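Undergrad: Before we start, here is the structure in question, set down as C-alpha coordinates.
The values are calculated or read from the model by the stated rules, or taken from the named source; none is laboratory data. Note that the structure is predicted; figures quoted are calculated from it, not measured. No Cβ is skipped: glycine too gets one built from the backbone with ideal geometry, and neighbour counts run over all protein chains shown. Ligands, DNA and RNA are stripped out before the accessible areas are found, and what is left, the full protein with its side chains, is counted by its heavy atoms. Shrake-Rupley method; radii C 1.70, N 1.55, O 1.52, S 1.80 Å.
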Amino acid sequence: MKQLLDEAESKSNSAGKRSNDAYTALEGCRMLHRSISRAYAEQSVAESLVDTVRRRNLAVQCDLEECVEAGDAETLIEQISSALTTEVRQSATERLKQLLIEHDGSVIRTADATDLDRSTILDSLAELLDDDEVADITVEFN
(Lines give C-alpha, C1' and ligand atoms only; values in the text may rest on other atoms or scores of the structure.)
Protein backbone atom coordinates (compact mmCIF):
# COMPACT_ATOMS: atom_id res chain seq x y z
CA MET A 1 0.00 0.00 0.00
CA LYS A 2 2.85 2.37 0.90
CA GLN A 3 4.41 1.68 -2.46
CA LEU A 4 1.16 2.57 -4.30
CA LEU A 5 0.84 5.81 -2.31
CA ASP A 6 4.46 6.76 -3.13
CA GLU A 7 3.88 6.05 -6.84
CA ALA A 8 0.67 8.10 -6.86
CA GLU A 9 2.41 11.00 -5.12
CA SER A 10 5.31 10.85 -7.58
CA LYS A 11 2.93 10.94 -10.56
CA SER A 12 1.00 13.78 -8.95
CA ASN A 13 4.18 15.80 -8.41
CA SER A 14 5.28 15.12 -11.97
CA ALA A 15 1.89 16.18 -13.38
CA GLY A 16 1.96 19.28 -11.17
CA LYS A 17 5.41 20.20 -12.47
CA ARG A 18 4.30 19.71 -16.07
CA SER A 19 1.21 21.81 -15.37
CA ASN A 20 3.41 24.53 -13.85
CA ASP A 21 5.73 24.41 -16.86
CA ALA A 22 2.79 24.67 -19.25
CA TYR A 23 1.39 27.64 -17.32
CA THR A 24 4.79 29.39 -17.40
CA ALA A 25 5.08 28.76 -21.16
CA LEU A 26 1.55 30.06 -21.71
CA GLU A 27 2.30 33.26 -19.76
CA GLY A 28 5.48 33.73 -21.82
CA CYS A 29 3.44 33.40 -25.02
CA ARG A 30 0.88 35.91 -23.76
CA MET A 31 3.62 38.43 -22.91
CA LEU A 32 5.23 37.94 -26.33
CA HIS A 33 1.85 38.34 -28.05
CA ARG A 34 1.17 41.60 -26.15
CA SER A 35 4.61 42.91 -27.00
CA ILE A 36 4.28 42.09 -30.71
CA SER A 37 0.72 43.48 -30.84
CA ARG A 38 1.83 46.72 -29.17
CA ALA A 39 4.78 47.12 -31.58
CA TYR A 40 2.51 46.46 -34.58
CA ALA A 41 -0.07 48.97 -33.33
CA GLU A 42 2.60 51.62 -32.66
CA GLN A 43 4.01 51.16 -36.14
CA SER A 44 0.53 51.41 -37.69
CA VAL A 45 -0.13 54.62 -35.78
CA ALA A 46 3.25 56.01 -36.86
CA GLU A 47 2.47 55.19 -40.51
CA SER A 48 -0.90 56.96 -40.24
CA LEU A 49 0.73 60.00 -38.64
CA VAL A 50 3.36 60.17 -41.39
CA ASP A 51 0.57 60.00 -44.00
CA THR A 52 -1.09 62.95 -42.24
CA VAL A 53 2.19 64.90 -42.17
CA ARG A 54 2.64 64.34 -45.90
CA ARG A 55 -0.98 65.11 -46.83
CA ARG A 56 -0.99 68.34 -44.80
CA ASN A 57 2.58 69.17 -45.88
CA LEU A 58 3.53 69.89 -42.26
CA ALA A 59 7.05 71.03 -41.45
CA VAL A 60 8.36 68.55 -38.87
CA GLN A 61 11.87 68.30 -37.49
CA CYS A 62 12.32 64.51 -37.46
CA ASP A 63 13.15 61.75 -39.93
CA LEU A 64 9.74 60.37 -40.90
CA GLU A 65 11.02 57.02 -42.17
CA GLU A 66 13.06 56.51 -39.01
CA CYS A 67 10.00 57.19 -36.86
CA VAL A 68 7.93 54.68 -38.82
CA GLU A 69 10.65 52.05 -38.58
CA ALA A 70 10.91 52.54 -34.83
CA GLY A 71 7.15 52.85 -34.40
CA ASP A 72 7.86 56.16 -32.68
CA ALA A 73 4.37 57.67 -32.69
CA GLU A 74 5.17 59.79 -29.64
CA THR A 75 7.85 61.81 -31.46
CA LEU A 76 5.56 62.22 -34.46
CA ILE A 77 2.70 63.45 -32.27
CA GLU A 78 5.01 66.02 -30.62
CA GLN A 79 6.27 67.20 -34.01
CA ILE A 80 2.77 67.42 -35.49
CA SER A 81 1.56 69.34 -32.47
CA SER A 82 4.43 71.79 -32.80
CA ALA A 83 3.83 72.22 -36.54
CA LEU A 84 0.10 72.80 -36.04
CA THR A 85 0.76 75.31 -33.26
CA THR A 86 3.07 77.19 -35.63
CA GLU A 87 0.41 77.10 -38.37
CA VAL A 88 -2.24 78.42 -35.97
CA ARG A 89 0.06 81.23 -34.86
CA GLN A 90 0.81 82.13 -38.46
CA SER A 91 -2.89 82.03 -39.31
CA ALA A 92 -3.68 84.33 -36.37
CA THR A 93 -0.94 86.71 -37.48
CA GLU A 94 -2.25 86.73 -41.05
CA ARG A 95 -5.78 87.35 -39.73
CA LEU A 96 -4.56 90.25 -37.58
CA LYS A 97 -2.67 91.78 -40.50
CA GLN A 98 -5.81 91.60 -42.65
CA LEU A 99 -7.94 93.15 -39.88
CA LEU A 100 -5.48 95.99 -39.36
CA ILE A 101 -5.46 96.68 -43.10
CA GLU A 102 -9.28 96.77 -43.09
CA HIS A 103 -9.21 99.28 -40.20
CA ASP A 104 -6.43 101.47 -41.59
CA GLY A 105 -3.93 100.21 -39.01
CA SER A 106 -6.02 101.34 -36.06
CA VAL A 107 -5.63 99.12 -33.01
CA ILE A 108 -8.71 100.62 -31.33
CA ARG A 109 -11.00 100.11 -34.36
CA THR A 110 -9.63 96.60 -34.89
CA ALA A 111 -10.25 95.68 -31.24
CA ASP A 112 -13.75 97.20 -31.34
CA ALA A 113 -14.64 95.28 -34.51
CA THR A 114 -13.31 91.89 -33.34
CA ASP A 115 -13.09 89.62 -30.33
CA LEU A 116 -9.42 90.56 -29.87
CA ASP A 117 -8.40 92.77 -26.96
CA ARG A 118 -5.97 95.65 -27.35
CA SER A 119 -3.12 94.02 -25.43
CA THR A 120 -3.26 90.93 -27.67
CA ILE A 121 -3.17 93.12 -30.75
CA LEU A 122 -0.25 95.15 -29.38
CA ASP A 123 1.68 92.00 -28.46
CA SER A 124 1.13 90.65 -31.96
CA LEU A 125 2.19 93.96 -33.46
CA ALA A 126 5.41 93.86 -31.47
CA GLU A 127 6.10 90.38 -32.87
CA LEU A 128 5.33 91.56 -36.40
CA LEU A 129 7.67 94.51 -35.93
CA ASP A 130 10.43 92.22 -34.62
CA ASP A 131 9.93 89.92 -37.62
CA ASP A 132 10.17 92.92 -40.00
CA GLU A 133 6.65 92.28 -41.27
CA VAL A 134 5.52 95.75 -40.12
CA ALA A 135 7.49 98.72 -41.39
CA ASP A 136 6.54 101.14 -38.66
CA ILE A 137 4.03 101.80 -35.88
CA THR A 138 2.64 105.31 -35.51
CA VAL A 139 1.25 106.60 -32.21
CA GLU A 140 -1.47 109.25 -32.29
CA PHE A 141 -2.14 111.41 -29.21
CA ASN A 142 -5.50 112.97 -28.29
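Undergrad: Just to be sure I understand the filter: pairs with C-beta atoms under 7 Å, separated by 6 or more residues or on different chains, first member in the range 81-95 and under 14 Å from E133 (Cα atoms), second member part of a helix (DSSP H, G or I) and at pLDDT 80 or above. Which pairs pass?
TA: So the pair list comes out as T93/S124; T93/L128.
Undergrad: Of E47, E78, E74, E7, which residue is open to solvent by 70 Å² or more (accessible area, probe 1.4 Å) and at pLDDT below 85? Even if it seems obvious, please write down each step before you answer.
TA: Details: E47 fails: at pLDDT below 85; E78 fails: at pLDDT below 85; E74 fails: at pLDDT below 85.
Every option except E7 fails the conditions.
Undergrad: Ok, one more. Would you pick out the residues in the range 95-115 that are open to solvent by 60 Å² or more (accessible area, probe 1.4 Å) and among the small types (G, A, S)?
TA: Result: A113, single match.
Undergrad: Assess whether R54 counts as being of a type outside the set (A, V, I, L, M, F, W, C), farther than 24 Å from E127 by Cβ, free of Cβ contacts under 8 Å to residues at least 40 places away in the same chain and open to solvent by 50 Å² or more (accessible area, probe 1.4 Å).
TA: On the way: of a type outside the set (A, V, I, L, M, F, W, C): yes; farther than 24 Å from E127 by Cβ: yes; free of Cβ contacts under 8 Å to residues at least 40 places away in the same chain: yes; open to solvent by 50 Å² or more (accessible area, probe 1.4 Å): yes.
Here the answer is yes, as R54 does meet what is asked.
Undergrad: Residues of the range 21-35 being over 19 Å from E74 (Cβ atoms) and either open to solvent by less than 100 Å² (accessible area, probe 1.4 Å) or at pLDDT 90 or above (or both), which ones?
TA: Of everything in the range 21-35, those that are over 19 Å from E74 (Cβ atoms) and either open to solvent by less than 100 Å² (accessible area, probe 1.4 Å) or at pLDDT 90 or above (or both) turn out to be D21, A22, T24, A25, L26, E27, G28, C29, R30, M31, L32, H33.
Undergrad: Could you grab the pairs with beta carbons closer than 6 Å, sequence gap of 6+ or different chains, first residue in the range 111-128 and in contact (Cβ under 8 Å) with a residue 40 or more places away in the chain and under 12 Å from L99 (Cβ atoms), second one among the charged types (D, E, K, R) and part of a helix (DSSP H, G or I)?
TA: none
Undergrad: Right, something else. In the range 116-142, which residue that is surrounded by 12 or more Cβ atoms within 10 Å (Cβ to Cβ) and among the β-branched types (V, I, T) is nearest to the chain's Cα centre (by Cα)?
TA: T120
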